[in-house]
Amino acid sequence: MTARYQHLLSPLTVGSTTLPHRVIMGSMHTGLEEKDGGEHELAAFYVERVRGGAGLIVTGGVSPNPEGAARHHGAHLTTEDQLPRHRVVTTAVHEAGGLIALQLMHSGRYAMHEHAVAPSPIRAPINKVTPRELSGSDVERTVEDFASAAYLARQAGYDGVEIMGSEGYLINEFLVEHTNRRTDRWGGSPPARRRFATEIVRRVRERTGPDFLVMYRLSALDLVPDAQEFKEVLALGREVETAGASIINTGIGWHEARIPTIATSVPGAGFTWVSRALRENLRIPIATVNRINTPELAQEVLARGDADLVTMARPFLADPAFVAKAREGQPDSINTCIACNQACLDHTFTGRRMSCLVNPRAMRETQLVLGPTRTAEQIAVVGAGPAGMAFAEAAAQRGHRVTLFEEQPELGGQFQLARRIPGKEDYQHTIRYFTTRLRELGVTVHTGHRATPADLAFADRVVIAAGVHPRRPGIPGDTGPAVLGYKEVLEGAPVGDRVAVIGAGGIGYDVAHFLTHNPSADFYAEWGIDRSLEARGGLLTPAPEPPMRRVTVLQRSTTKPGSRLGPTTGWIHRLELRMANVQFITGVEYREITDRGVRITAPTPDAHVHGGGGIALETPRVETLVEVDTVVLCAGQESRTELAADLAGDARPVHVIGGADVAAELDAKRAIKQAVELAAALP
Ligand code: NAP
Ligand code: SF4
């Protein structure tokens, strides 16, 4: 064991269970929980993680009754005939040497079906369904359902359960006035509102016996109005402890909170101070969570005494061998989660199977297999952006001899730009990971050299991952001195105080944020998070710093700006720009770019009002000069096709992947997945 991670890697005995180290693999709803036969894939997913050093795993949320399931036919555990399915998973995990706890999660008013229930019939702002109010006997039955599901979990071979009491689900809804207006014994005062949670823990412990792990996920910071004061949170912690919980896991923020808690813009280990406050007041082990994605951060948090355990979920999607690599002292070989949410939570919230942008094998362990090659080939790869790096790594891992060419002095492609956006610094980890892996796998890398067909003559196979050119929109004046491309801006070209951004896609948003972000901004003050733990729910009035520039973003289409950004992160980007007073003009026709700004025609403001959201073509338009000092082009990309054209008719196999293949959908998730699938399909 490396001394570097001594806190992280030391065992912990909780009751009769010894955890091999201080990392819990946190709950993730994979989408396989309800799929017919999904238990076999789920077992393969967990087993790969146990082999990679995971100790205690917490499953995705399973409801104690059908009305608490997140969706129609969502996973629930109510009868013994469901046990064989669970035993496939628990047996596989135990045979591999791991431990596994079932998460019991009742969705309450977040359930997306007509049988949703809640303490009071108040609809959640993120759900279309108004829940039915639970009657007094319904509440009793629900407590019993939790106890019965925990008993069944034990019968199924689980080592414990995690009772989901945070993130705004049913138990959390009972705890706060915001969602609990009851006047019976389950509401009306803080102790009465806590009764549901403590009764569940008490009865779960009673039913499962003393030697079973009972974790409780405690909402330590609700981040919604009319929520718990921290003294109420502590009172609940003490009651839960007395009721028989073995570990308290920290929960931060309800899903409906308009404050980022796990997105890439949240500082690393940004909420462990809350766990520390719990730990100082409670006796049982406290686990901390949120944006801990490297062994260094986890070690720091534990060494500082903020928590006894660290829960990580997404980092185990990104790299199943996170713990083993830390144990072997190889942190640079860890494929680090960059908190983008693009293939994990965005998929879960839109009903798709979870995976990972940086590791497309996640949740496809049995299908996307990188076995040893039968015929080792010489493969030339052109372009070391996400697609080229991912292909080179996967092909070399299979035993091919890979040579990678990159025109720029460094590897990374578009990720070299992404990592410069405030809050996206973690994208650097992906570049570090691939750089390390390519070295470990003996890939020959030529940087600062634009590959010609002659350079590739040696190869049996060529993979073109040459990426994209930024699109020139063809607006008169768009080559003028005040016009810059987004790449130049992100690389540090001087930009004036008033800026027009042409294009409101992902890059237009990122560039507007880059240009307005005030480096003295404090994440907590900006979003209104009370670090003193005095304000109810942890909420203060947001106090953003003044923006660095006046930015106007323009787009031709009339759709709501930012509507194509990720479902779980788009709202953050939209709020960031709103806080920075960024203006948007939609339905624009570009006339000309001059030294005074951008001359456009756009629908009159009245047209927006009268158009009911959509603007008809015949709506009145006005000509306007958007007066700015600098214009930044963020008008999308076009594939780089030169090399593919040069190699047309080549007798060898030539593949085109990533942005060089499809620029319209340029995104790293698609690029990396395509690259790894190609490497897996080679002979
Ligand atoms: P994009 O999302 O396709 O947006 C391009 C923008 O340029 C659109 O707003 C489009 O709007 C405008 N445009 C297109 N052709 C134009 C023309 N000829 N003249 C003027 N405007 C034109 O592309 P992107 O912003 O470059 O992003 C590329 C990809 O990177 C995205 O698909 C995304 O996957 C990824 N990305 C995502 C994020 C994120 O989610 N935060 C951040 C960065 C990158 P109009 O046609 O309406 O004018
Ligand atoms: Fe992390 Fe992004 Fe992978 Fe999700 S998709 S696990 S956030 S890297």
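Using 13 Å as the cut-off for backbone N distance, which residues of the stretch 67-87 belong to the label zone defined by a point 7 Å from the Cα of Gln155 along Cα→Cβ? Answer for this model: 77-87.
DSSP loop GluC sites (Glu not before Pro) in the stretch 69-138 with at most 14 other Cβ atoms within 10 Å of their Cβ, which ones? Numbers along the way, then the final one.
Working: sites: Glu80, Glu95, Glu114, Glu133; in loops: Glu114.
The qualifying sites are Glu114.
If the chain linking Ala96 and Ala651 were pulled fully straight, counting 0.36 nm for each residue of separation and taking away their Cα-Cα distance, it would gain 195.1 nm.
Note down the magnitude of the dipole of the chain about its Cα centre, charges +1 on Lys and Arg C-beta and -1 on Asp and Glu C-beta and zero elsewhere, to the nearest 20 debye. It comes to approximately 420 debye.
Normalised by the empirical 2.2 N^0.38 Å for globular proteins, what value does the Cα Rg of the chain take? Don't skip to the end; give the middle numbers.
On the way: Rg = 26.6 Å, N = 683, 2.2 N^0.38 = 26.3 Å.
That works out to 1.01 for the chain.
Computed over the alpha-carbon atoms, the stretch 327-471 gives an Rg to Rh ratio of 0.98, Rh here being the Kirkwood radius from the mean inverse distance.
In the chain, carbon and sulfur make up what percent of the accessible area (probe 1.4 Å)?
Values: 13320 of 26430 Å².
Here it works out to 50 percent.
Helices that extend 24 Å or more along their long axis by alpha-carbon positions and average at least -0.5 on the Kyte-Doolittle scale are, among the DSSP H runs of the chain, 136-155. Taking all protein chains together and a 1.4 Å probe, the residues Asp667, Asp346 rank Asp667, Asp346 from largest to smallest accessible area.
A Cβ-based charge dipole, computed about the Cα centre of the stretch 3-348 with Lys and Arg at +1 and Asp and Glu at -1, lands at about 520 debye. Extension gain for Ser137 to Leu625 (0.36 nm times residue separation, less C-alpha to C-alpha distance): 169.1 nm. If you sort Arg181, Arg599 by accessible surface, 1.4 Å probe, largest first, the order is Arg181, Arg599. Taking all protein chains together and rolling a 1.4 Å probe, Leu134 ends up with roughly 0 Å² accessible. Computed over the alpha carbons of the stretch 373-438, Rg followed by Dmax gives 12.8, 45 Å. Working from label points 7 Å from Cα in the Cα-to-Cβ sense, the Thr350 to Thr375 distance is 3.8 nm.
In order along the stretch 475-490, phi translates into HN-Hα couplings of 7, x, x, 6, 10, x, x, 8, 9, 10, x, 5, 5, 4, 4, 5 Hz, rounded to whole numbers, per the Karplus curve 6.51 cos²θ - 1.76 cosθ + 1.60 with θ = phi - 60° and x for Gly and Pro. The chymotrypsin sites (Phe, Trp or Tyr not before Pro) of the stretch 406-494 meeting both criteria, a DSSP state outside H, G, I, E and B (loop) and at most 12 other C-beta atoms within 10 angstrom of the site's C-beta, are Phe458.
Given R0 = 45 Å, the distance between the Cβ atoms of Ala525 and Thr18 translates into a calculated FRET efficiency of 0.60.
Between Arg4 and Asn518, what FRET efficiency comes out of the Förster formula 1/(1 + (r/R0)^6) with R0 = 30 Å and r the beta carbon distance, rounded to 0.05?
Numbers: r = 35 Å, r/R0 = 1.18.
My answer for the efficiency is 0.25.
Each part reduced to its alpha carbon centroid, the stretch 374-416 and the stretch 136-214 end up 51 Å apart.
Scattering from the stretch 437-494 was approximated by placing one identical point on each alpha carbon and applying the Debye formula without solvent; log10 I(q)/I(0) at 0.19, 0.23, 0.30 1/Å stands at -0.90, -1.05, -1.33. Taking 0.36 nm per residue of separation and subtracting the current Cα-Cα distance, fully stretching the chain between Ala664 and Ala454 would add 72.6 nm. Taking a ≥ b ≥ c as the square roots of the eigenvalues of the alpha carbon gyration tensor, the stretch 148-207 is prolate, as a/c is not under 1.5 and a/b beats b/c.
Using alpha carbon coordinates only, what is the Rg to Rh ratio of the stretch 272-329, with Rh defined as the Kirkwood radius? Working shown, then result.
Values: Rg = 11.9 Å, Rh = 11.9 Å.
Rg/Rh: 1.00.
Here, the stretch 241-383 has an Rg and a Dmax of 18.3, 64 Å when only alpha carbons are counted. The Rg/Rh ratio for the stretch 3-348 is 0.94, where Rg is the radius of gyration of the alpha carbons and Rh is the Kirkwood radius. Distant-in-sequence amide contacts of Thr30, defined by a placed amide H-H separation under 5 Å and a gap of 5 or more residues or a different chain, comprise Gly60. Using a probe of 1.4 Å on the protein chains alone, the accessible area found for Tyr524 is around 20 Å².
So with the 1.4 Å probe, I'd like the accessible area per residue for the chain, rounded to whole Å².
Values: 26430 Å² over 683 residues.
Ligands and nucleic acids excluded, the result is 39 Å² per residue.
Relative contact order, whole percent, for the chain stands at 12, derived from Cα pairs under 8 Å and 6 or more residues apart. The HN-Hα couplings worked out from phi for the stretch 634-643 by the Karplus form 6.51 cos²θ - 1.76 cosθ + 1.60 (θ = phi - 60°) are 10, 9, x, 9, 10, 5, 7, 10, 4, 5 Hz, whole numbers, x standing for Gly and Pro.
Working note: Cα atoms of the stretch 483-633, range along each principal axis, descending, whole Å: 54, 39, 23.
Loop-located GluC sites (Glu not before Pro) in the stretch 514-595 (DSSP state not H, G, I, E or B) with no more than 13 neighbouring Cβ atoms inside 10 Å: Glu534.
With a cut-off of 13 Å on the backbone N, the residues of the stretch 128-159 near the modelled label site 7 Å out from Ala192 along Cα-Cβ are 136.
The values are calculated or read from the model by the stated rules, or taken from the named source; none is laboratory data. Predicted, not measured: the structure shown is a model, and the values here were computed from it. Cβ coordinates were reconstructed from backbone atoms using ideal geometry, including for glycine residues, and neighbour counts include every protein chain displayed. The protein model used for the area step is the full one, side chains on, heavy atoms only, and it has no ligands, DNA or RNA in it. Shrake-Rupley method; radii C 1.70, N 1.55, O 1.52, S 1.80 Å.
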